[in-house]
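A.B. asks: Have a look at this one.
The values are calculated or read from the model by the stated rules, or taken from the named source; none is laboratory data. Please read these numbers as outputs of a predicted model, since none were measured by experiment. Because the Cβ atoms are built from the backbone with ideal geometry, glycine has one as well, and the counts that use them run over all protein chains shown. Ligands, DNA and RNA are stripped out before the accessible areas are found, and what is left, the full protein with its side chains, is counted by its heavy atoms. Shrake-Rupley method; radii C 1.70, N 1.55, O 1.52, S 1.80 Å.
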Amino acid sequence: MRIIVAGGRGFFGRTIVEMLRAEGLAPLAGSRGPGTDIAFNVEDSASLRAVLQPGDIVIDTVGPFQDRSTVLVEAAIEIGFDCVDLSDSIAYARKVWDLKPRIDAAGVRVLTACSAMSAISAALVRHSGITEPVRVTGFIAPASRHAANSATGASLLRSVGKPIEVLRDGRLITRTGWLERHTMALPPPIGRIDGHLFETVDSFLLPKVWPSLRTSEFFVDSRVPGLNAAFTLAGHVPAFL
């Protein structure tokens, strides 16, 4: 069995490789460029068929997933390897979900939207003991010195001033990202947080686990002086971006 981290030279991929190695495993860092353990392109079928094997486990960190096709998942079905991705995109999760009959028939495991945010929100609902949750509201206040990188920045800008899907009253509706605001007091050291509406894949996937869910929202506070206001301006004036 090989563990292959697609995007292994990026921020998230490199972190995952380091953590797996710290656990005594031997992951391979994959990328379409030179200088990696294994070279392939997640959007090229021929490239994937040339290097991936039955029984592999591929951890997919190649974002932004809003621009991704399902070529890698289809290769998993064809070749017979498992795939775990860090997607934060409803559009991508929907495309993977549409492949579920083929995934099940192939006997492979495809786990989508396994980013930290979605994994934590789902785990908290599970461990809350609430068997029929009605509402899940998430807030994030990133530690900027750790999270300030091109990958998280690109993901954030995908919601600012853009049409996003939010689960409200049991259905997905379209809103403009970042323009809706919600203030909440969190325990120290965070304190007051001015959250702005952000797209979360939870709005699409959590109701499939808990059909009772009526509302799923996610709010972000950049925690950078002036940046919330700049993003709000950009939301009203897209050309500002």
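A.B. asks: Would you mind classifying the stretch 1-120 by shape? Square roots of the alpha carbon gyration tensor eigenvalues, ordered a ≥ b ≥ c; an a/c under 1.5 is rounded, otherwise it is prolate if a/b is larger than b/c and oblate if not.
C.D. replies: rounded
A.B. asks: Candidates (i) 63, 40, 38; (ii) 49, 39, 37; (iii) 46, 45, 34; which is the computed Cα extents along the principal axes in Å?
C.D. replies: Structure-derived value, by its label: (ii).
A.B. asks: Let me check I've understood the local charge: for Asp67, count other residues with C-beta under 15 angstrom from its C-beta, Lys and Arg +1, Asp and Glu -1. What total comes out?
C.D. replies: Overall, the nearby charge balance is 0.
A.B. asks: Rounded to the nearest percent, how much of the accessible area of the chain (1.4 Å probe, protein heavy atoms only) is carbon and sulfur?
C.D. replies: Here carbon and sulfur together make up 58 percent of the probe-accessible area.
A.B. asks: About the Cα centre of the stretch 20-176, what is the dipole size in debye to 20, counting +1 per Lys and Arg Cβ and -1 per Asp and Glu Cβ, all else neutral?
C.D. replies: Using Cβ point charges on Lys, Arg, Asp and Glu, the stretch 20-176 gives about 580 debye.
A.B. asks: If you take every residue apart from Pro133 with its C-beta less than 12 Å away from the C-beta of Pro133, what net charge results, scoring Lys and Arg +1 and Asp and Glu -1?
C.D. replies: +1
A.B. asks: Could you work out the local net charge near Arg2, counting Lys and Arg as +1, Asp and Glu as -1, over the other residues with Cβ closer than 12 Å to its Cβ?
C.D. replies: Every neighbour counted, the sum reads -3.
A.B. asks: Roughly how far apart, in whole Å, are the Cα centres of the stretch 1-76 and the stretch 180-241?
C.D. replies: Rounded to whole Å, the Cα centres lie 30 Å apart.
A.B. asks: Determine which lysines satisfy two conditions relative to Lys162: a Cα distance under 21 Å, and not lying fewer than 8 residues away in the same chain.
C.D. replies: Correct list for Lys162: Lys95.
A.B. asks: Just going by the charge dipole of the chain, with Lys and Arg at +1 and Asp and Glu at -1 on Cβ, which of Val201, Val96, Leu72 is farthest out on the positive end?
C.D. replies: Toward the positive end, the furthest listed residue is Val201.
A.B. asks: Using the heavy atoms of the protein chains alone and a 1.4 angstrom probe, what is the accessible area of the stretch 65-139 per residue in square angstrom?
C.D. replies: Normalised by residue count, the accessible surface of the stretch 65-139 is 51 Å².
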